[in-house]
Amino acid sequence: MTSSQQRAALQRQIWAIANDVRGAVDGWDFKQYVLGTLFYRFISENFSSYIQAGDDSINYAELPDSVITPEIKDDATKTKGYFIYPSQLFVNVTKNALGNESLNTDLAAIFAAIESSANGYPSEGDIKGLFADFDTTSNRLGNTVKDKNARLAAVLKGVVGLDLGDFHGSQIDLFGDAYEFLISNYAANAGKSGGEFFTPQHVSKLIAQLAMHGQTSVNKIYDPACGSGSLLLQAKKHFDAHIIEEGFFGQEINHTTYNLARMNMFLHNINYDKFNIRLGNTLIDPHFGDDKPFDAIVSNPPYSVKWVGADDPTLINDERFAPAGVLAPKSKADFAFVLHALSYLSSKGRAAIVCFPGIFYRGGAEQKIRKYLVDNNYVETVISLAPNLFYGTTIAVTILVLSKHKTDTTTQFIDASGLFKKETNNNTLTDAHVEEIMQVFDSKANVDHLARSVPFEDIAANDYNLSVSSYVEAKDSREVVDIARINAELKSTVTKIDRLRAEIDAIVAEIEGKELGT
């Protein structure tokens, strides 16, 4: 069985668990239990692997808790960011899960202990609350303790049955892929609420390549609206980990999704000291001001959400928004996210941001912000994508690429709306599509019906309209009509019709003549 076949088989197993055990519980809510259990197994095996350090004579799961000295616990917590006693490991809890009448409270105690093990350590903020959405006492699991335990045991049993092999490098990839597969399937089935926190991998790949293009190393990468972390992790997948020197930074407003993002970092074997995910409203309460600038910024912020805007008079003096001289409209915060990203961008870096297309041609404050961006030569490229690439929306979004190190004053426009592969429910970008976009992005060449680099003066004369369709002529897909050929064919047809009519008239006359002679 090939690796792709193994991965496909694993994904079928995982989705079967999610469907089999949820019962009357809504799938969107119940994702926390499946995802949380997968995470619990991962950190248990990851921690055991660390303690055993490749020594086959040690089986951490079989050791009594009493052999753990304070020195061992302290050293392990400093390195891994958390501590798990042998009795708390996933493998030991699942052995007797079916017959354990206190399974739900035992799990709650274990999760609380794992989180509290980081108290007082640098990792405390990264570990705290990780299991908050894995509520083992919730009525969503059943009305009685027996019902709750039965459903929890079923989830544990299902995750135990996943064939992930021995814990090593390739298995880390399997855990991460399994986790992303679950998240993407829940997002697809949840519609809008799912799409708000997950960017499909094929789009993430393009965004990550755009943001890191041409850079042999970056200091750190940042997503101001990171959702479950899929964009940040695509950067890790695409580039060797060592070139992202200081790690992965992100902020997320939704508490559940914030927990998913932190779990996702661990599941892709990014240690606590290499990521920093914070909870909060990026526009009103931004983090990482002391950590900026960032060499790479990726983001798929929520489209056209409301924000406080001009109702907060202090925001116009905020260093992120003040240079533009105007705030994004209260009903459409899109450009507030763009200006935030620009403020956090280094002089050598790029930001690649997924945007709602309306912001590129509407008037008012949005036009003034476009003027600021173009006049200061921050807009490197605007890319229009095909419709129906994202979960929960069919709109054709646009990617805005910002740069502070452009060597000329032209702006590139790429019409990639025709680059997609039709799938069952959504369109996708293939690797070939991503490569084609990246090649023209790199070359800045003019390509008929695909790309055009436009001088500053032309954009200014067009009222700072940044809509791709204003600059790249769409290919005329209508059938070419050869008028001369059609006229010739019509003339020939008319001649044939006239000849046939004459023949018919002669036949009729002959018949009528015979009838008169009788």
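With every protein chain kept in the model, how would you rank Thr199, Thr216 by accessible area, 1.4 Å probe, largest at the top?
Result of the area sort, largest leading: Thr216, Thr199.
Under a cut-off of 20 Å between alpha-carbon atoms, report the aspartates and glutamates in cross-link reach of Lys73, not counting same-chain residues fewer than 8 places apart.
Glu45, Asp55, Glu62, Asp65, Glu115, Glu124, Asp126, Asp273
Going Cα to Cα from Lys421, which aspartates and glutamates come in below 12 Å? Please leave out same-chain ones fewer than 8 positions away.
Result set, ordered by chain and number: Asp431.
When only the heavy atoms of the protein chains count and the probe is 1.4 Å, how do Glu252, Glu503 rank by accessible area, highest first?
Glu503, Glu252
Residue-wise, which Karplus ³J(HN,Hα) couplings in Hz belong to region 214-228, taking 6.51 cos²θ - 1.76 cosθ + 1.60, θ = phi - 60°, and x for glycine or proline?
x, 9, 6, 7, 10, 5, 5, 10, 9, 10, x, 9, 7, x, 8
Under 5 Å between amide H atoms, partner at least 5 residues away or on a different chain: which partners does Asp295 have, H built in plane at 1.01 Å?
Distant-sequence amide H within range of Asp295: Asn219, Lys220, Ser346.
Do the sum for the chain: with -39,500 (n - 2.57) for every DSSP H run of n ≥ 4, divided by all residues, what is the mean residue ellipticity at 222 nm, to the nearest 500 deg cm²/dmol?
-14500 deg cm²/dmol
In whole percent, how big is the carbon plus sulfur part of the accessible area of region 207-290, probe 1.4 Å, protein atoms only?
Result for region 207-290: 43 percent of the exposed heavy-atom area is carbon or sulfur.
Compute the angle between helix 334-344 and the longest alpha-carbon principal axis of the chain, please, reported from 0 to 90 degrees and rounded to the nearest 10.
So the helix axis and the longest Cα principal axis differ by about 60 degrees.
What lysines sit close enough to Lys368 to cross-link, taking a C-alpha to C-alpha distance under 23 Å and skipping anything fewer than 8 places away on the same chain?
Straight-distance partners of Lys368: Lys306, Lys330, Lys332, Lys404, Lys406.
How tilted is helix 169-190 with respect to the longest principal axis of the chain? Cα atoms for both, answer in degrees (0 to 90, nearest 10).
Approximately 60 degrees, to the nearest 10.
Students sometimes get this wrong: rank Trp15, Trp307 by accessible area, probe 1.4 Å, all chains present, largest first.
Trp15, Trp307
In degrees from 0 to 90, rounded to the nearest 10, what is the angle of the helix 201-212 Cα long axis to the longest principal axis of the chain?
That helix lies at roughly 80 degrees to the long axis.
Over the chain, give the accessible area per residue in Å² for a 1.4 Å probe, as an integer.
Accessible area per residue: 46 Å².
Using amide H atoms built in the peptide plane, which far-off residues or other-chain residues are under 5 Å from Gln412 H to H?
Those qualifying (amide H under 5 Å, at least 5 residues apart or on another chain) are Thr381, Val382, Val454.
The values are calculated or read from the model by the stated rules, or taken from the named source; none is laboratory data. From a predicted model like this one, the values you see are computed outputs, not experimental measurements. When the accessible area is computed, the model is the full protein with side chains, heavy atoms only, and any ligands, DNA or RNA have been set aside. Shrake-Rupley method; radii C 1.70, N 1.55, O 1.52, S 1.80 Å.
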